[in-house]
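J.: One structure, pasted below without further comment.
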Amino acid sequence: MLFSKLEKKVAFRYMAAKKRGFGSVVSWVSFLGIMLGVATLIVVMSVMGGFHETLLSRIIGMNGHVVVYHQAGAISDYDFLIDKMRQNKVVSKYTVSIVPIAEGQVMAAAKGNNSGAVVRGIRMSDLVAKTKTGTRIYGKDLNSIKGDELIIGSSLARALKVSRGDNVSLISAGSGTATPFGTMPRIMAYPVVSSFFVGMYEYDSGYIFMPLSAAQKYLNIENGVTHIDLFLTDAEQSEKVASALNTLLPDGFVVRDWRDLNRGFVGALQVETSVMFLILLLIVIVAAFNIISSLVMLVKDKNKDIAVLRTFGVSRKSMMKIFILSGTSIGLIGATCGTILGVLMAVYIEQIRHFFQFLTGRDLFPAELYSLSELPSKLVPSTVISIAVIAIALSFLATLYPAWKAANTDPVETLRNE
């Protein structure tokens with residue numbers, strides 16, 4: 001047995017003492033510090049993990065895990081190229097779908113309003129597949145869209161004040177007509193038949209889908225596409241697929257995976273997560289120092305009791321275990337309560353946000369700033385356990401010096417002065 005009955009009895013009696021034990025102000029501060037530190041760490045790590053997963057899944061969901069470009073511009077023989085990709089063993093093993101895309105920058109205008117946007121031409125069957133990964137479509141059935149019709153982002157539709165049936169004019173300088181007076185921008189009007197919602201403000205406010213053939217005609221790249229997206233079964237296999245494509249494709253083609261395309265964003269998230277963890281860990285460290293203070297004062301207050309126990313034959317090892325148990329119990333209880341509180345807050349973080357928004361009357365998580373319509377959270381059991389273990393370990397380390405000091409109390413000197 002790790003602790004004897006005597007050690008437990010004495011340790012918990014010292015904890016129950018109001019003057020220097022668990023009932024003291026310092027001990028309560030230690031307990032609350034560890035509890036709030038653990039809870040805050042769990043909530044922040046969960047939210048950061050949710051941000052990381054949600055943003056990447058939506059970015060990748062729109063752009064593909066691997067993207068193939070051509071240095072010269074448009075890819076004209078894309079159907080032949082796609083068939084060639086599917087015949088490759090590595091590509092076929094990890095790829096779910098290969099989607100040709102015709103894309104260009106435009107100015108969208110309607111009812112006196114205008115906004116910059118990206119027109120993305122895509123086969124409607126491929127767009128239907130996107131709805132299975134979280135993209136929501138409102139309006140006309142995608143399979144019935146065949147002509148020059150638009151599916152517009154929900155936030156962009158609100159900005160332009162258009163609804164189903166309204167016309168939106170697309171203005172493109174890149175695909176304009178050359179004249180003696182310069183390049184005239186191409187202006188064409190299309191009816192809006194549907195809207196889409198990804199949940200990421202950047203896409204909902206800046207993207208327009210249209211049938212691939214209509215986009216090719218509008219962007220003046222007949223029978224061509226600007227790039228090809230490959231969607232994989234596992235995002236972690238993107239490097240293998242990209243390597244296989246680099247070997248397979250002739251010179252002139254450029255292959256980029258989602259890490260290359262979002263390197264700065266992914267790196268910033270990782271750095272921010274690590275820094276936030278270290279900063280918030282300081283709360284737990286400060287609480288651990290409070291445990292040292294509490295136990296040092298307890299040892300000083302119980303100096304006579306320690307001397308009596310040592311006289312009755314209690315060993316130095318047992319004295320150390322008594323004070324280690326007293327201090328570690330504060331950390332254990334604080335870490336347990338903090339874990340429960342942190343998990344509950346992480347699970348109901350969106351409801352908590354709405355509650356505080358109701359109290360303050362302010363938008364605490366604007367979609368325009370954070371690119372997400374709701375506060376994401378992802379609880380990772382290993383992270384939660386690691387945080388709790390770190391808190392308990394710090395509490396244990398904080399008890400070593402006071403326990404050593406108690407164990408080295410000289411009973412002769414202490415009782416001589418009494």
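Values in this text are rule-based calculations from the coordinates and carry no lab data. All values derive from a computational prediction rather than experimental measurement. Cβ coordinates were reconstructed from backbone atoms using ideal geometry, including for glycine residues, and neighbour counts include every protein chain displayed.
J.: Can you compute the FRET efficiency between Phe356 and Gln105 using 1/(1 + (r/R0)^6), with r the Cβ-Cβ distance and R0 = 56 Å? Round to the nearest 0.05.
T.: Details: r = 39 Å, r/R0 = 0.69.
So the FRET efficiency works out to roughly 0.90.
J.: Let me ask something else. Give the lysines reachable from Lys161 as a straight Cα distance under 29 Å; neighbours fewer than 8 places away on the same chain don't count.
T.: The qualifying lysines are Lys111, Lys130, Lys132, Lys140, Lys146, Lys217.
J.: For the chain, what does the helix formula give at 222 nm: sum of -39500 (n - 2.57) over DSSP H segments with n ≥ 4, over the residue count, nearest 500 deg cm²/dmol?
T.: Numbers: 17 runs with 235 residues, N = 418.
Dividing the helical sum by the residues of the chain leaves -18000 deg cm²/dmol.
J.: Mind checking which lysines have their Cα closer than 28 Å to the Cα of Lys300? Skip sequence neighbours fewer than 8 apart in that chain.
T.: Partners within reach: Lys5, Lys8, Lys9, Lys18, Lys19, Lys317, Lys321, Lys405.
J.: Over 16 Å apart: what share of the alpha carbon pairs of the stretch 34-95 falls there, rounded to a whole percent?
T.: On the way: 1282 of 1891 pairs.
The proportion of pairs with Cα distances above 16 Å equals 68 percent.
J.: Now, a different point. Considering the values (1) 66, 53, 38; (2) 81, 47, 41; (3) 110, 53, 39, which represents Cα extents along the principal axes in Å as calculated for the structure under consideration?
T.: Step by step, Cα extents along the principal axes in Å for this structure corresponds to label (3).
J.: How far apart, in nanometres, would the label points at Trp404 and Arg136 be if each is projected 7 angstrom from Cα along the Cα-to-Cβ direction?
T.: 6.0 nm
J.: Just grab the label-to-label distance for Ile171 and Ser76, each label 7 Å out from Cα along the Cβ direction, in nm (one decimal).
T.: 3.2 nm
J.: If packing is taken as the mean number of other Cβ atoms within 10 Å per residue, what is the order of 110-119, 322-331, highest first?
T.: So the order, starting with the most tightly packed, is 322-331, 110-119.
J.: Across the stretch 91-97, in residue order, what do the Karplus-derived ³J(HN,Hα) couplings come to in whole Hz, using 6.51 cos²θ - 1.76 cosθ + 1.60 with θ = phi - 60° and x for Gly and Pro?
T.: 5, 5, 5, 9, 9, 8, 8
J.: May I ask you to derive the relative contact order of the chain, considering only C-alpha pairs under 8 Å and at least 6 residues apart, and to give it as an integer percent?
T.: Working: 700 pairs, mean separation 118.1, N = 418.
Taking the mean separation of contacting Cα pairs over the length of the chain, I get 28 percent.
J.: So, one more: Just how many % of Cα pairs in the stretch 73-251 lie over 26 Å apart, if you round to the nearest whole percent?
T.: Numbers: 5612 of 15931 pairs.
For the stretch 73-251, the fraction of Cα-Cα distances above 26 Å is 35 percent.
J.: Follow-up. Give, in nm to one decimal, the length gained when the segment between Lys84 and Phe197 is fully stretched (0.36 nm per residue of separation minus the Cα-Cα distance). Walk me through the intermediate numbers first.
T.: Numbers: separation 113, 0.36 × 113 = 40.68 nm, distance 3.34 nm.
The span from Lys84 to Phe197 would gain 37.3 nm if fully extended.
J.: Given the options Tyr78, Gly121, Val225, identify the residue whose Cα lies farthest towards the positive end of the charge dipole of the stretch 73-251 (+1 on Cβ of Lys, Arg; -1 on Cβ of Asp, Glu).
T.: Gly121
J.: At q = 0.11, 0.20 Å⁻¹, what is the log10 ratio I(q)/I(0) for the stretch 268-349, with the Debye formula run over Cα points and no solvent?
T.: Debye curve over Cα of the stretch 268-349, log10 I(q)/I(0) at q = 0.11, 0.20 Å⁻¹: -0.49, -0.99.
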